[in-house]
Amino acid sequence: MRLLGAGRWITAVGLLLLAGVYVRALAFTPIERAQGLAQKIFYLHVPAAIWAEAAMVLVGLASIFYLFLKDPRLDRFAEASAEAGTVFAAIVLTTGPIWGKPIWGTWWSWDARLTLTLFLFLLYVGYLLLRSAVADPGARARYAAVLGICGMCLVPFIHFSVYMFRTLHPMPIVLKPSSPSLPGSMLATWLFSLGVFTLLYVGFVIQRYALSYLREQLEAAGEVGHV
Amino acid sequence: MSETIPANSGYMVAAYIATAVILVSYAVLLYRRTRKP
Amino acid sequence: MEGGGAVGAVAEFVRHAWSVARKDLLVEFRSRTAILSAVVFTVLVLMVFNFGRDPTAVAAVDLAPSILWVTFTFAAMLALNRAFQLELENQALEGLLLAPISRGSIYLGKLLANLVFVGAVEAIGLPLFALFFNVRILPVILPLVAVIALATVGFVAVGTLFSAMTARTRFAELLLPVLLLPFMIPPLIWAVLTTASLLAGRPLSEAGGWLRLLAAFDILFVVLAFVLFPATVSE
């Protein structure tokens, strides 16, 4: 399947370039004075966070179009994007505490971005659980679309509630991790990393989409039950 | 006025390894699942 | 007479919704098991909160808003879990769908019935909460009831939609909370902030931002659920 081949190539290139990001971030980007080496986690943490949220928006948009057009390709894409979003959210939720411990003195602090990403992670997991709980393919796609749209619409409200909650309950911090205007070299590394994460998102989604398609073909031929 | 940079490279290493593990694991998972759907 | 036609259509729509709501409410309140169980559950949750805290460490008044809202959140969840059980038991959902009423009025009817049910549980729970934790709610009773109403509409609007989807899945009692709780948390946050502000004697204007967000959330999700509900029951 051509799409699958393309997806694999893109992922492979993405992983290769990721190694490049690692080299650049670790060896060729200046160390931030206040936070030290741990600040470099930023180059992985933020691009992952951006894609964790963007993937949810794409799930929502694909879901809206699916309900109008009933095109199964949109449903496959939504499922693929949700899975990719889960992976990126997992990265944020892993690197976040690792970054937070030396900087804030505590592993978890209900920081606004971490909390938002936790929400996203739980929304993704709920989406995937719902899909696996519904046997009928038509109902599965429709229900998933409903949940996807609601999830996307919830995101702005999460921003408004979680950020508000935090400003009224300030957390003790040792150093404030900040992303002010980045000096040139750091910005370049960050952009490079963002590009690589984008590439990985695309590669993952294409492969996962192809997987859904292949599975549907096999189910239709009666060779595989619903998993 | 020169402060020492905090010695927290261990965290950086842990985070970089964790990220690589997650991404490579998912890529491998996809590769294997698409070989035998 | 287009104006009359439009008014007539809306009136019929509301009538259908009301008949769906009435049917549900009659069933629930006639047997009284459901409402009684929900009330007992609420009392027990309040008791758990009382015995679950160290009385020497934290004064009840500091925890009061959280206790109230966690209790209401779980009570609403419990109530919503049964929202479509009724239909499931006798396969009455198919019958309901065959009736000559629009899907939208089914949603509205379900929403109304759930609101009345959850509202009844809250109406009993609120005075009990005030009693158990010695909270003076009467000075702020009107705005407090308003924020409870706003948050409840948000909970129930999304909950009614989701319970239509989860009712026929295998682990419905687990799946509904998993799907619904993320949507209950933002209204919960605004409700807790407002309640804390009210109980602390702050002027209502300070809570204006949160109340506006609650209202915006309610409007968006009622409309969204109304529009999406047909997708949960169509073939």
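Report the residue count in chain B for those that are more than 22 Å from the chain's Cα centre (by Cα), surrounded by fewer than 17 Cβ atoms within 10 Å (Cβ to Cβ) and of a type in the set (S, T, N, Q).
Residues flagged as more than 22 Å from the chain's Cα centre (by Cα), surrounded by fewer than 17 Cβ atoms within 10 Å (Cβ to Cβ) and of a type in the set (S, T, N, Q) within chain B amount to 2.
Here is a list: C:V61, C:V48. Which entry is farther than 18 Å from C:A123 by Cβ, at pLDDT below 80 and surrounded by 12 or more Cβ atoms within 10 Å (Cβ to Cβ)? Break it down stepwise before answering.
Working: C:V48 fails: at pLDDT below 80.
Selected residue: C:V61, the only one of C:V61, C:V48 that is farther than 18 Å from C:A123 by Cβ, at pLDDT below 80 and surrounded by 12 or more Cβ atoms within 10 Å (Cβ to Cβ).
Restricting to the range C:165-188, name every residue that is within 16 Å of C:S66 (Cβ to Cβ), without any contact (Cβ under 8 Å) to a residue 40 or more places away in the chain and surrounded by fewer than 23 Cβ atoms within 10 Å (Cβ to Cβ). Give the steps one after another, and end with the answer.
Of the residues in the range C:165-188, the ones within 16 Å of C:S66 (Cβ to Cβ) are C:181, C:184-188.
Right, trim to without any contact (Cβ under 8 Å) to a residue 40 or more places away in the chain and you get C:185-187.
Answer for the range C:165-188, where residues must be within 16 Å of C:S66 (Cβ to Cβ), without any contact (Cβ under 8 Å) to a residue 40 or more places away in the chain and surrounded by fewer than 23 Cβ atoms within 10 Å (Cβ to Cβ): just C:I185.
Do you know which residues across the range A:13-24 are more than 8 Å from chain B (Cβ to nearest Cβ) and either free of Cβ contacts under 8 Å to residues at least 12 places away in the same chain or among the hydrophobic types (A, V, I, L, M, F, W, C) (or both)?
Within the range A:13-24, the first condition is being more than 8 Å from chain B (Cβ to nearest Cβ), and the residues that meet it are A:13-14, A:16-17, A:19-21, A:23-24.
Residues satisfying the conditions are A:V13, A:L16, A:L17, A:A19, A:V21, A:V23.
Among the candidates C:L46, C:L128, C:L112, which residue alone is in contact (Cβ under 8 Å) with a residue 24 or more places away in the chain and under 30 Å from C:T232 (Cα atoms)?
Working: C:L46 fails: under 30 Å from C:T232 (Cα atoms); C:L128 fails: under 30 Å from C:T232 (Cα atoms).
After ruling out the rest, the residue left standing is C:L112.
Taking the range A:54-66 as the search range and keeping residues that are buried (at least 20 other Cβ atoms within 10 Å of the Cβ) and not β-branched (V, I, T), which one is nearest to A:L44 (Cα to Cα)? Spell out the reasoning first.
Within the range A:54-66, the first condition is being buried (at least 20 other Cβ atoms within 10 Å of the Cβ), and the residues that meet it are A:55-56, A:58-60, A:62-63, A:66.
Filter once more, so that each one left must be not β-branched (V, I, T): A:55-56, A:58, A:60, A:62-63, A:66.
Values: A:A55: 16, A:M56: 19, A:L58: 21, A:G60: 25, A:A62: 27, A:S63: 29, A:Y66: 32 Å.
Applying the filter and picking the extreme gives A:A55.
Conditions first: (1) in contact (Cβ under 8 Å) with a residue 60 or more places away in the chain; (2) closer than 30 Å to C:N134 by Cα. C:R53 passes all but one, so which condition is the exception?
In the conditions (1) in contact (Cβ under 8 Å) with a residue 60 or more places away in the chain; (2) closer than 30 Å to C:N134 by Cα, C:R53 misses (1) alone.
Among the residues of the range A:19-55, write down those that are part of a helix (DSSP H, G or I), more than 24 Å from A:K101 (Cβ to Cβ) and either at pLDDT 95 or above or not charged (D, E, K, R) (or both).
First, the residues of the range A:19-55 that are part of a helix (DSSP H, G or I): A:19-27, A:37-55.
From what is left, the residues that are more than 24 Å from A:K101 (Cβ to Cβ) are A:19-20, A:23-24, A:54-55.
Residues satisfying the conditions are A:A19, A:G20, A:V23, A:A54, A:A55.
With C:F229, C:F217 as the choices, which residue is of a type in the set (A, V, I, L, M, F, W, C), under 15 Å from A:I158 (Cα atoms) and facing chain A (nearest Cβ under 9 Å)? Lay out the reasoning, then the answer.
Details: C:F229 fails: under 15 Å from A:I158 (Cα atoms).
Within the list C:F229, C:F217, the selection yields C:F217.
Which condition number does A:K40 fail, the rest of (1) basic (K, R); (2) without any contact (Cβ under 8 Å) to a residue 40 or more places away in the chain; (3) away from every other protein chain (no Cβ under 11 Å) being met?
(3)
The values are calculated or read from the model by the stated rules, or taken from the named source; none is laboratory data. Keep in mind that this is a model prediction, so the values were computed, not measured. Positions of Cβ are backbone-derived with ideal geometry, glycine not excepted, and every protein chain shown enters the neighbour counts.
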